[in-house]
Amino acid sequence: MVSRCMGLLACLALVGCSESWGPDARGHEVAGRDLEGDWVLVNYWAEWCGPCRTEIPELNALDAASEDITVLGVNFDELQGEELVAAAEALGIRFRVLSVDPTERLGLSRSAVLPVTVIVGPDGEVRESLVGEQTQEGLLARLDTLRKGG
């Protein structure tokens, strides 16, 4: 009986860690278990935001080049469905774009400015929110510092 209870508790703990991030722009679920062990960068963008447009190629490169870093996009204007897909394609976004803003899931309040990139550690905890245009080099340097406990 005790081993069954311990097994059930272990399963419940894993379920909490692998909680879904919700659907992406194309309706595919972004499963938490697929992001376990990754540093997740949640980037807020909008079509009308000039710095957002400039940093998107940097975020594309970072997402493609790093096995333990995942970039997820969130449209600031809360576009949905085909409108969201079209906006992401128009800006050349190649990383996954969420249909649901994860601010509540992450225990954050919605930012009033753009661009914003939220860094979430492999443990699922928010480590930092960066306001302003980011570069791949700058984000890698920041992640290196965070990995070292800074």
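The values are calculated or read from the model by the stated rules, or taken from the named source; none is laboratory data. All values derive from a computational prediction rather than experimental measurement. In this analysis, Cβ positions are derived from the backbone assuming ideal geometry, glycine residues included, and neighbour counts consider all displayed protein chains. Protein only, heavy atoms only, side chains kept; ligands, DNA and RNA dropped before computing areas. Shrake-Rupley method; radii C 1.70, N 1.55, O 1.52, S 1.80 Å.
Overview of values
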read-out: Segment 133-150 residues that are among the charged types (D, E, K, R), paired with ones that are in a loop (DSSP other than H, G, I, E, B) (beta carbon under 7 Å, 6 or more apart); value: E133/P115
read-out: Restricting segment 129-150 to residues that are acidic (D, E) and farther than 16 Å from N75 by Cα, the residue that is least open to solvent (accessible area, probe 1.4 Å); value: D144
read-out: Residue satisfying all of: in segment 37-66; under 14 Å from the mean Cα position of the chain (by Cα) and among the charged types (D, E, K, R); surrounded by the most Cβ atoms within 10 Å (Cβ to Cβ) among these; value: D63
read-out: In segment 26-36, the residues that are surrounded by fewer than 18 Cβ atoms within 10 Å (Cβ to Cβ) and assigned to a loop (DSSP other than H, G, I, E, B); value: R26, G27, H28, A31, E36
read-out: Condition check for E89: farther than 16 Å from I56 by Cβ, open to solvent by 70 Å² or more (accessible area, probe 1.4 Å) and charged (D, E, K, R); value: no
read-out: Qualifying residue in segment 113-128 (condition: without any contact (Cβ under 8 Å) to a residue 24 or more places away in the chain, surrounded by 13 or more Cβ atoms within 10 Å (Cβ to Cβ), charged (D, E, K, R) and closer than 23 Å to D38 by Cα); value: yes
read-out: Selection status of A25, of a type outside the set (D, E, K, R) and more than 10 Å from S99 (Cα to Cα); value: no
read-out: Residue tally, condition touching a residue at least 60 places away in the same chain (Cβ under 8 Å) and of a type in the set (K, R), over segment 38-82; value: 0
read-out: Residue in segment 97-110 that is nearest to E83 (Cα to Cα), counting only those that are surrounded by 15 or more Cβ atoms within 10 Å (Cβ to Cβ) and among the hydroxyl-bearing types (S, T, Y); value: S99
read-out: Number of the exception - R96 against (1) farther than 27 Å from D144 by Cα; (2) modelled with pLDDT of 95 or more; value: (1)
